[in-house]
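In what follows, a single structure is set out as structure tokens and then discussed.
Every read-out reported here was derived from the displayed coordinates using simple, explicitly stated rules and does not represent laboratory data. All figures in this text were calculated on a predicted structure; none of them were measured in a lab. Every residue, glycine among them, receives a Cβ derived from its backbone with ideal geometry; neighbour counts consider all protein chains shown.
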Number of protein chains: 2
Amino acid sequence: MSTDSSTRLPGAARPLRPAVPEATVARLPVYLRALTAAAEDGVDTLSSDELATAAGVGSAMVRKDLSHLGSYGTRGVGYEVDYLIYQISRELGLTQDWRVLIVGAGNLGHALANYGGFASRGFRVVALLDLDAARVGEHIAGLHVDSVDRLEQVVAEAGVHIGVLALPADAAQATCDRLVAAGVTSVLNFAPCVLEVPAGVMVRKVDLSTELQILAFHQQRRVFQVERHPVAGRSRVPLAEAL
Amino acid sequence: MSTDSSTRLPGAARPLRPAVPEATVARLPVYLRALTAAAEDGVDTLSSDELATAAGVGSAMVRKDLSHLGSYGTRGVGYEVDYLIYQISRELGLTQDWRVLIVGAGNLGHALANYGGFASRGFRVVALLDLDAARVGEHIAGLHVDSVDRLEQVVAEAGVHIGVLALPADAAQATCDRLVAAGVTSVLNFAPCVLEVPAGVMVRKVDLSTELQILAFHQQRRVFQVERHPVAGRSRVPLAEAL
DNA sequence: TCGACTTTGTGCATTCGTTCACAAGTGCCT
DNA sequence: AGGCACTTGTGAACGAATGCACAAAGTCGA
Ligand SMILES: NC(=O)c1ccc[n+]([C@@H]2O[C@H](COP(=O)([O-])OP(=O)(O)OC[C@H]3O[C@@H](n4cnc5c(N)ncnc54)[C@H](O)[C@@H]3O)[C@@H](O)[C@H]2O)c1
Ligand SMILES: NC(=O)c1ccc[n+]([C@@H]2O[C@H](COP(=O)([O-])OP(=O)(O)OC[C@H]3O[C@@H](n4cnc5c(N)ncnc54)[C@H](O)[C@@H]3O)[C@@H](O)[C@H]2O)c1
């Protein structure tokens, strides 16, 4: 998504704020959550230090991240919680409703459809599709499962923005292709496989098994260390925080 | 987990291969999956280029990543699939069985317990705990749900390596503390909150809501672009692949 | 109004990750 | 045996992300 200013059309001589770094984007939701929690506790101002603690990062990083969005703090005071919530929400595009389609109504599809955490941030599950005729018609969380044959119609009729793949890996690529062909440009993939998509389509994957393997790697290494240097064990191992 | 050689104990003058970079570790599971798939197709040798395509990364990166584990390829030929599978598995610690405890037997806990993808890589769910008395005793995927009161005993008796938190955010920190106190040093957190843990404990989080917000951010930006520069739309937007 | 104190925003150094480009091996064919 | 085509492994260039340190800008109390 690099917005290279040299390829801009002549008419649009807009300065266009230098793109927000990807690493920052990934942290904005975390800040947002901390801010929302603070707002609910009646806090109306937070310093970068406090926000940093709540988000589990350094305060310099909070300031740099937020500086990419604009100058929304007040020196000597901190950030006004409500205002910052608004600004981050706007930046992330949470002021609009996003219509989500889930394909695959198995264990995971069920859990996702039942999950309340979606709606709370403007994500609305508009449909749930499955291949299995036995599941079609089933009712989950106010939705009835539709046949995956109707994928294209559903995308068009409901105006789907984001497709979620919760089906077996061997069906993922083909289904992804159908979503893309139908006009979906954002896909969240739970199947353990790599998806190929044309430029302009964004895929993010959530991979359980990978996460466990990363944990296993570090745990193994740690055990190895402890075995080698029994004295240096537990207490001396340096801090290890996750993504 | 930075193994700084200057803090090594005097007795252990072991060269100790320079730690594998975190970014590489995160890709090893992907390579492993591609290799396993290739092996099942009867392929016995892969070049870095082929492996790169299968893993959705560049071939230079594959080579550099693998070079961190050792010199397991053959110039002019490529990598022997079986041998590389073995080496990566060993590096990730998948040659041993990892015992996993899931806390929270709600929607997500159910889905996880039923998930076959765990066992296939040496991760074994040994127990499933919940607070709700109504759920305790329930049978899921060959396990019966136990009371969370018995957390400490279960960890000790079953020799749990990895704790998975699939419970509400407000119970996550306290439960994590109990796991850590009981000796668990690897935690996978699905609750939407930041966990504080002492040094030497590794937490990784899987955050659905964050992923959707990142997708929303990019989608919003893309739509904005298309609106501004209708001619430059769709086809010109540069490739966007996800981590 | 002033001065002490607090906290932001940012230039700079550093560290980490990716990509490039090529020398050094390896297998195959003649 | 020798040359050719291919592919690895890696130094070096590049770029992104992080952390440090401080000037600039604000608040508050006297
Ligand atoms: N369950 C988990 O906790 C979990 C965890 C991580 C990853 N995953 C992955 O998520 C995916 C789904 O997992 P699950 O446990 O829900 O599996 P599941 O078998 O319970 O459900 C898969 C569903 O997809 C449907 N399906 C199959 N092919 C389809 C197609 N072409 N179009 C539409 N629907 C189709 C099936 O009918 C089934 O209902 C899998 O790829 C799995 O590897 C699951
Ligand atoms: N369902 C999803 O698709 C989904 C997706 C992303 C994140 N999450 C997160 O995962 C977590 C679980 O989600 P869910 O949908 O399974 O919720 P859920 O309400 O269905 O299940 C939560 C379970 O945890 C149990 N519980 C509550 N307090 C507990 C405690 N102190 N100790 C042990 N168990 C306790 C409850 O009895 C319940 O069975 C939540 O934090 C949620 O935000 C869920």
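Observations
- Taking a straight line from the alpha carbon of B:Lys64, not one of the lysines sits under 22 Å away once near neighbours fewer than eight places off in the same chain are left out.
- Look at the stretch B:181-187: the mean tally of other chain Cβ atoms within 10 Å of its residues' Cβ atoms is 3.
- Cα-derived Rg over Rh, computed across segment B:71-230 with Rh taken as Kirkwood radius: 1.11
- Each copy carries A:Ser47; placing its label point 7 Å along the C-beta direction from Cα gives inter-copy distances of 5.9 nm, listed from smallest up.
- Per residue of peptide A:103-110, the mean number of Cβ atoms on other chains within 10 Å of the residue Cβ is 3.
- If you wrap the Cα atoms of segment B:22-92 in a convex hull and average its projected area over all directions, you get 4.1 nm².
- Look at the stretch B:91-99: the mean tally of other chain Cβ atoms within 10 Å of its residues' Cβ atoms is 4.
- Partners for B:Lys205 among aspartates and glutamates (Cα-Cα distance below 13 Å; same-chain residues under 8 apart left out): A:Asp207, A:Glu211, A:Glu241, B:Glu196
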